[in-house]
1. When only Cα pairs under 8 Å and 6 or more residues apart are kept, what is the percent relative contact order across the chain?
2. Rounded to the nearest 10 degrees, what's the angle between the helix 113-124 long axis and the longest principal axis of the chain, both from Cα atoms, 0 to 90?
3. Would you kindly derive the ³J(HN,Hα) couplings of segment 69-75 from the backbone phi angles with the Karplus curve 6.51 cos²θ - 1.76 cosθ + 1.60 (θ = phi - 60°), listing them in order in whole Hz, with x for Gly and Pro?
4. Please go through segment 57-125 and write out the trypsin sites (Lys or Arg not before Pro) that DSSP classes as loop and that have at most 15 other C-beta atoms within 10 Å.
5. Can you tally the lysine pairs in the chain where the Cα-Cα distance is under 30 Å and the two residues are eight or more apart, or on different chains?
6. What angle, in degrees between 0 and 90 and rounded to the nearest 10, separates the Cα long axis of helix 54-64 from the longest principal axis of the Cα atoms of the chain?
7. Which whole-angstrom value gives the distance between the alpha carbon centres of segment 80-99 and segment 13-61?
8. Which value, in debye to the nearest 20, describes the size of the charge dipole of segment 51-125 about its Cα centre when Lys and Arg Cβ atoms bear +1, Asp and Glu Cβ atoms bear -1, and nothing else is charged?
Amino acid sequence: MIWEFKCPVCKEWKEIDWDRKDIKHTCHKMRESYYPPNPAKQHDAYLDTHNWTIEMEEIVVKLRGECCVVPGCIKRYQTLDHRIPYSEGGRTSVENFFPMCYEHNDAKGDMDYDDWLAEYYRKIN
């Protein structure tokens, strides 16, 4: 998996292998050493895959809670969902994830969360 993030030194987007994110790197532009930001420090940093890491999931749940994000749902989350679908360019990032129950995750499918939610409430009201 590739981790894409903004360099804390020069602010340009960089990419490294996820397994190397805890190793000190050197900014080739500014020639200064840095540690890449982790998902907790840079919410818009992302992975180049649909799948997420446990570290990312823990951060999303800490930020957004353990309940499904669908208003009125009181179920504990069972998965994360890309708010903007991965298939439509949504990134695998803390910023783009919502905790959801399986029922709502399945119902949403590959739709944008906001579009789906508006359609969902039109159907049930």
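What follows draws every value from the coordinates through simple rules; no lab data is involved. Predicted model, so just to flag it, every value in this text is computed and none were measured. Neighbour counts are summed over all protein chains in view; Cβ atoms, including those assigned to glycine, are modelled from backbone coordinates with ideal geometry.
1. Relative contact order, the chain: 20 percent.
2. Between helix and principal axis, roughly 10 degrees.
3. For segment 69-75, the Karplus curve yields 6, 5, x, x, 7, 10, 6 Hz.
4. Counting only loop positions with at most 15 other Cβ atoms within 10 Å, the trypsin sites (Lys or Arg not before Pro) in segment 57-125 are Lys75.
5. Summing the qualifying lysine pairs gives 29.
6. 60
7. 17
8. 260
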